[in-house]
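Colleague: Sharing a structure, written as structure tokens. Questions coming.
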Amino acid sequence: MGIKVYNTLTRRLENFEPFEDNFVKMYVCGPTVQDVAHLGHARTYIAFDAIIRFLEYRGYRVFYVRNITDVGHIREESGRDRILEGADREKLEPMELVDKYMLMFFEDMDALKLRRPNIQPRATMHILDMIEMTKSLIEKGYAYEVDGNVYFDVSKFPDYGKLSGIKYEELIKHRIEPDPRKRNPADFALWKKAEKGYLLKWPSIWGEGFPGWHIECSVMSMKYLGPQIDIHGGGQELILPHHENEIAQSEAFTGKKPFVKYWLHTGYLTIAGEKMSKSLGNFVTIREVLKKYDADAIRFFVLSSHYRSNIDYNEEAIKRAADAIDKIKSTLRELYYEKEDARAGHDEMASNVCTEMKRRFIEAMEMDFNTPEALSVLHELIRKANAYLSSKTTTIAGIDAYYNTILELCNSIGLLQGFKPETEINNLTASGILQILLNIREELRKRGMYDLSDRIRESLKEVGIIIEDTKEGQRVRLKR
RNA sequence: GCCGGGGUGGCCGAGCAGCUAGGCGGCGGCCUGCAGAGCCGCUCUACUCGGGUGCAAAUCCCGACCCCGGCUCCA
């Protein structure tokens, strides 16, 4: 059937067909590393991670670039630079600050078990490329220099607004006072002159300065992926002006359209209904959440909404996600245990159920990566697997079918990476002392000395080891 | 002001013309020494409001109301 994606550029669902067969060139806008990453960042990068993994699961090869923005960008209303503000705040050199938070960002991404990008280029390592591109845009007549600043002339690019749908009349009536040196209020900076005393600056033919915000993504995308790419992603707030400007610069520079075939944008992570953001101060950092919930729980939470919708973060929602993950693990564990007692032979029923569930899961994911629907199929599969276990008519083939299908589908969107009940269990039972306790407890239960056997169960629970009594004997697992 | 995206059962959240979404919570039953886990059933024909077009509308059209976001740094 093939994958369909919603393209912000056309505002409709399109068949996904990369420029080159099964090779996908993908760029996602990375963070400005001036502070600790929060759950809003996690939302976007997890969503794209699931998309990438699913594409790979379906046989695509994905070359993934995500940048690091380590050049400060001036906030027009305050005239201040975010990285310099951070450096002031923490009494660090600007590059020292950037290094610190970049490394922390990498740690967070790893802790969330995200597939690493093939390249994570830093803006500061591409200043020369940005200067070159800016020069070329001036030569081609798309940009002009005034007093050490270079602006892109929006009037020279008639396609401007095609991504965001903004109209020219709207564009020129800005809400904040535009720089009077611009020819047109809609023009945006490619290069800014550094005022005296400004720390982050580089020499150029226009004098000392620093690049405009948008140029870095154009440069790094084209440098590592070529003039035209398949997918460019980011949060919805980047559509205008960031992505709109990227299109203008890049297409003006190469003359090739489209710069990006499919534009994908994620919804916001909200908290109490409002967008989580640095400036509102209503953020929760990734590492804070990771102290209480693991990567799977956070991922499940994110994927239980569609990537284009907003998700509201609250304790209850993430708790539910963590419970859902536990439930899946518990079923996998049961399947693992049951395999020992299962009969040999074929199991057409089980295998048919698994094939059908897998088909429906893939179908949901192929429809613009509908993870909530895919997860509902996964839930159904779990329920069917549990019912199968209850039926007591299990075969090794049937157990394998359920076990492998569940794990395969989870892995296809990055859930339960590396999960192995056998190692989890072996590690536990490998402990000789635990085994002795279990043996004693079994004996006590045979003799009906439940007060003592329950005490052992309770005490082990206190140290994080859960014992569950079943007809087949005691089962052990670790508390979350 | 202009431009987007929304309003679905107690809560979360898919569906976007006809076919049980799913989860959580609650209730009842089964299983169990108890606990846990699980199974079965019910809660559940719910879709902001008012018109309209269809044999048929949560889904399409028109009009209200409300929420969130972009137009300023932002994933």
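The values are calculated or read from the model by the stated rules, or taken from the named source; none is laboratory data. This one's a predicted model, so the numbers in the text were calculated from it and none came from an experiment. Because the Cβ atoms are built from the backbone with ideal geometry, glycine has one as well, and the counts that use them run over all protein chains shown.
Colleague: For region A:404-419, how many residues are loosely packed, with under 15 Cβ neighbours inside 10 Å and either more than 20 Å from the chain's Cα centre (by Cα) or assigned to a loop (DSSP other than H, G, I, E, B) (or both)?
Modeller: 3
Colleague: For the structure I just gave you, tell me whether residue A:296 is within 17 Å of the chain's Cα centre (by Cα) and more than 8 Å from RNA strand B (Cβ to nearest atom).
Modeller: Yes, satisfied.
Colleague: Just checking, does region A:53-63 include any residue being part of a strand (DSSP E or B) and either of a type in the set (A, V, I, L, M, F, W, C) or modelled with pLDDT under 95 (or both)?
Modeller: yes
Colleague: Kindly provide the set of residues from region A:13-38 that are within 12 Å of RNA strand B (Cβ to nearest atom) and under 20 Å from residue A:55 (Cβ atoms), ordered by number.
Modeller: Within region A:13-38, A:13, A:27, A:28, A:29, A:30 meet the criteria.
Colleague: Only one of A:335, A:290 is more than 30 Å from residue A:9 (Cα to Cα), modelled with pLDDT under 95, out of contact with any strand residue (DSSP E or B) (no Cβ under 7 Å at 6 or more places or on another chain) and more than 8 Å from RNA strand B (Cβ to nearest atom). Can you tell me which?
Modeller: After ruling out the rest, the residue left standing is A:335.
Colleague: Taking region A:433-476 on its own, how many of its residues are away from RNA strand B (no atom under 11 Å from the Cβ) and in a helix (DSSP H, G or I)?
Modeller: Number of matching residues: 12.
Colleague: Condition test on residue A:391, is it away from RNA strand B (no atom under 11 Å from the Cβ), over 24 Å from the mean Cα position of the chain (by Cα) and surrounded by fewer than 17 Cβ atoms within 10 Å (Cβ to Cβ)?
Modeller: Considered against the rule, which asks whether it is away from RNA strand B (no atom under 11 Å from the Cβ), over 24 Å from the mean Cα position of the chain (by Cα) and surrounded by fewer than 17 Cβ atoms within 10 Å (Cβ to Cβ), residue A:391 comes out as no.
To keep it simple, each residue is scored yes or no on (1) outside the structural domain of residue A:375 (by TED's automatic domain parsing); (2) in a strand (DSSP E or B); (3) of a type outside the set (A, V, I, L, M).
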| site | (1), (2), (3) |
| --- | --- |
| A:253 | yes, no, yes |
| A:256 | yes, no, yes |
| A:261 | yes, yes, yes |
| A:277 | yes, no, yes |
| A:281 | yes, no, yes |
| A:287 | yes, no, yes |
| A:290 | yes, no, no |
| A:300 | yes, no, yes |
| A:307 | yes, no, yes |
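Residue-wise test of (1) away from RNA strand B (no atom under 13 Å from the Cβ); (2) outside any helix (DSSP H, G or I); (3) touching a Pro at 6+ places or on another chain (Cβ under 8 Å); (4) touching a residue at least 40 places away in the same chain (Cβ under 8 Å).
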site	(1), (2), (3), (4)
A:109	no, no, no, yes
A:113	yes, yes, no, yes
A:141	yes, yes, no, no
A:155	yes, no, no, no
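Colleague: How many residues does region A:374-385 hold that are more than 11 Å from residue A:353 (Cα to Cα) and either surrounded by fewer than 16 Cβ atoms within 10 Å (Cβ to Cβ) or of a type in the set (Gly, Ala, Ser) (or both)?
Modeller: Result for region A:374-385: 4.
Colleague: Could I ask something else about it? Name the pairs: first residue in region A:278-299 and closer than 18 Å to residue A:416 by Cβ, second residue more than 12 Å from RNA strand B (Cβ to nearest atom) and assigned to a loop (DSSP other than H, G, I, E, B), Cβ to Cβ under 7 Å, at least 6 apart or on different chains?
Modeller: Close Cβ pairs (under 7 Å, with a partner that is more than 12 Å from RNA strand B (Cβ to nearest atom) and assigned to a loop (DSSP other than H, G, I, E, B)) amount to A:295/A:112; A:295/A:113; A:296/A:415; A:296/A:416; A:298/A:112; A:299/A:414; A:299/A:415.
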